[in-house]
Amino acid sequence: MISTIMRTIILYLTVTIAIRLMGKRQIGDMQPNELVVTLLISEIAAIPLQDNEQPVLVGVAAISVLIFLEIIASILSMKSFMIRKVLNGKSVVIIKNGVIDQQAMRDVRMTVIDLIELLRNKDVFNLSDVAFAVLEVNGNLSVLLKKDAQTVTTKDLKLNLPDDSLPLPVISDGKIVAESLKALQSNKNKLYKILKHSKYKISDIFLMTLDRNGNHTIYEKDYNK
Amino acid sequence: MKRLIYAAVILIALISLAFYSHFAVNRYCNDTINDVQNFASNNITSDTLTKSWNKRKNKMSIYVNHDFLDQITMYIGQMILGDNHEDENFKTAYKNIETLIKLIREEQKFAAHSFY
């Protein structure tokens, strides 16, 4: 039993490091070769876990080889367009100038139902609104709407709005988040000054966000629940 | 660049591991065969054979399928139990250990058939 626990810990750490080295990507965003490596890693890790007769080192070595290959493949893909095309494939234009390319759909084995479903995922419910639709290598559909179907932007309205600033959590669960204050080029004194004007004590705040323009939002702790 | 360094480190570690395990397993196999032969020719006692095998088994288990090692342990036990070295059981156990050691060596070998 102890050996199983130890083997599991070793393999857990190996797989975690392996996935970290591959970079942060969700399964849906993975390139084909990344998906293959992820599937293989999970399969290989399971072998020494299921079969105690197999040395753990064999699994660790196999996972290391996969990670090595994945890193090399990603570096080569970055350097060469040809290798990127071979390893990851290339994007396919499904709708061009509002016209569906049926041959392209046949090539990628996509049905009209699939296309409509992917468009709905992009909040596009009317096919005639689409100017361009590109099927990316990770299976996502990128959509460019026709001019008359696009959402009006502040640029279109020629509005002069202040620059956006990312609000960061500066107080979380009654504790000051020093990292966020540093990122906002602010400090505790400035925070205390803001809090002085509000009725809240730090210990009563569940979440407080602040941006570089000094805009803040406070969510009070709910002691009743 | 950072990823390239990781790749290089992994490659060096894998190559070192491959070579080290190859030579280490070969050495352990040679030592085991020598011990078994010495025991067969009454040069070492059953106690020495068991102790040295147990020590070696722990080291070998890092690289070799544990099933092979368990079988060798069983056959060493069978050899020790035999009163007479001319006994059929003793000879069979001896042959089986030789075969298992050969199999372990084959597994470590860089041969075309091991790729398939």
If we only count helices (runs of 4 or more DSSP H) wholly inside the stretch B:1-108, which ones have 1 or more residues that are touching a residue at least 60 places away in the same chain (Cβ under 8 Å) and touching a Leu at 6+ places or on another chain (Cβ under 9 Å)?
B:2-40, B:88-108
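The rows are residues; the columns are (1) surrounded by fewer than 16 Cβ atoms within 10 Å (Cβ to Cβ); (2) out of contact with any Lys or Arg (no Cβ under 7 Å at 6 or more places or on another chain).
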| residue | (1), (2) |
| --- | --- |
| A:ILE2 | yes, yes |
| A:THR8 | yes, yes |
| A:ILE17 | yes, yes |
| A:MET22 | no, yes |
| A:GLU34 | no, no |
| A:THR38 | no, yes |
Are any residues in the stretch A:62-82 at the interface with chain B (Cβ under 8 Å from one of its Cβ atoms) and surrounded by fewer than 18 Cβ atoms within 10 Å (Cβ to Cβ), and if so, which ones?
A:VAL65, A:ILE72, A:ILE75
Within the stretch B:3-55, take every residue that is within 10 Å of chain A (Cβ to nearest Cβ) and not hydrophobic (A, V, I, L, M, F, W, C) and give me the one that is farthest from A:SER74 (Cα to Cα).
B:SER21
For B:PHE68, are the conditions met, namely being within 30 Å of A:ILE67 (Cα to Cα) and more than 10 Å from every other protein chain (Cβ to nearest Cβ)?
no
Does A:LEU57 satisfy the condition of being at pLDDT 85 or above and surrounded by 19 or more Cβ atoms within 10 Å (Cβ to Cβ)?
no
Just to be sure I understand, how many residues within the stretch A:182-217 are in contact with an Asp or Glu (Cβ under 9 Å, 6 or more places away or on another chain) and under 17 Å from A:LEU166 (Cα atoms)?
5
Could you tell me whether any residue of the stretch A:34-43 is closer than 19 Å to B:LEU17 by Cβ, within 14 Å of chain B (Cβ to nearest Cβ) and touching a residue at least 40 places away in the same chain (Cβ under 8 Å)?
no
Give the stretch A:189-217 a look and list any residue that's surrounded by 13 or more Cβ atoms within 10 Å (Cβ to Cβ) and either not in a strand (DSSP E or B) or not assigned by TED's automatic domain parsing to the domain that holds A:LYS175 (or both), or say none.
A:LYS190, A:LEU191, A:ILE194, A:LEU195, A:TYR200, A:ILE202, A:ASP204, A:ASP211, A:ARG212
Applying the selection to the stretch A:139-172, what residues are in contact with a helix residue (DSSP H, G or I) (Cβ under 8 Å, 6 or more places away or on another chain) and part of a loop (DSSP other than H, G, I, E, B)?
A:GLY139, A:ASN140, A:LYS146
Among the residues of the stretch A:38-54, write down those that are modelled with pLDDT under 85 and of a type in the set (S, T, N, Q).
A:GLN50, A:ASN52, A:GLN54
Against the condition farther than 28 Å from B:GLU98 by Cα and either within 14 Å of another protein chain (Cβ to nearest Cβ) or touching a Ser or Thr at 6+ places or on another chain (Cβ under 7 Å) (or both), how does B:LYS59 come out, does it pass?
no
Could you say which residue among A:VAL124, A:VAL152 is surrounded by 11 or more Cβ atoms within 10 Å (Cβ to Cβ) and within 30 Å of A:GLY98 (Cα to Cα)?
A:VAL124
Anything in the stretch A:117-138 that is assigned to a helix (DSSP H, G or I), among the hydrophobic types (A, V, I, L, M, F, W, C) and either under 24 Å from the mean Cα position of the chain (by Cα) or on the phi > 0 side of the Ramachandran plot (or both)? List them, or say none.
A:LEU118, A:LEU119
Can you go through A:SER74, A:SER42 and tell me which one is under 21 Å from the mean Cα position of the chain (by Cα) and within 30 Å of B:LEU69 (Cα to Cα)?
A:SER42
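The values are calculated or read from the model by the stated rules, or taken from the named source; none is laboratory data. Here the structure is a predicted model, which means the values were calculated and not measured. Backbone-built Cβ (ideal geometry, glycine too); neighbour counts: all protein chains shown.
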